[in-house]
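Q: Encoded as structure tokens, here's the structure I'll be asking about.
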Amino acid sequence: MELGALWNTCPVIRLVCDEGDNRPGTLTGYMTASIRLWTWSAKTHLYLDCIYLQPEARRSGIGRAMFRVLVEFARGRGCEEIQWQTLLSNEGGIAFYHSLGAVPTTDTMRWSRWSLCID
């Protein structure tokens, strides 16, 4: 890997779900993520900055579909892992992440860091 890769701009993915019941301006959900570089290994991983679904859209399969898109995006860019954080109080999200096969890697007093290996 060239040292110049450390200064290249990283692509960002932004996904907006469909408009739900076809009402213009009604957002079902979204996510944002960026590719990051590990300092010591120079390997890339995808960092999921934000994922959100309207409460009425949860448990409908949309979140799982969003993660499939995210995994394919990461694989297509040579990432072996997706990481994100969530509040420890986000019990629904934590159950969802477990159902995907993700594992918590560290916990602090308020936050839990998660990882999903995709190799």
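The numbers here are math on the coordinates, done by the rules we state, and not lab data. Keep in mind the model is a prediction, meaning the values are calculated, not measured. In this analysis, Cβ positions are derived from the backbone assuming ideal geometry, glycine residues included, and neighbour counts consider all displayed protein chains.
Q: Please find the FRET efficiency linking residue 118 to residue 58, where r is the Cβ-Cβ separation and R0 is fixed at 35 Å, and quote it to the nearest 0.05.
A: Numbers: r = 23 Å, r/R0 = 0.66.
Plugging the Cβ-Cβ distance into 1/(1 + (r/R0)^6) gives 0.95.
Q: Return the distance in nm (one decimal) between the two label points of a simple spin-label model at residue 37 and residue 100, each offset 7 Å from Cα along Cα→Cβ.
A: Each label point lies 7 Å from its Cα, and together they span 2.5 nm.
Q: While we're looking at this one, here's another question. Between residue 107 and residue 72, what is 0.36 nm times their sequence separation minus the Cα-Cα distance? Round to one decimal in nm.
A: Details: separation 35, 0.36 × 35 = 12.60 nm, distance 2.72 nm.
Full extension of this stretch gives 9.9 nm more.
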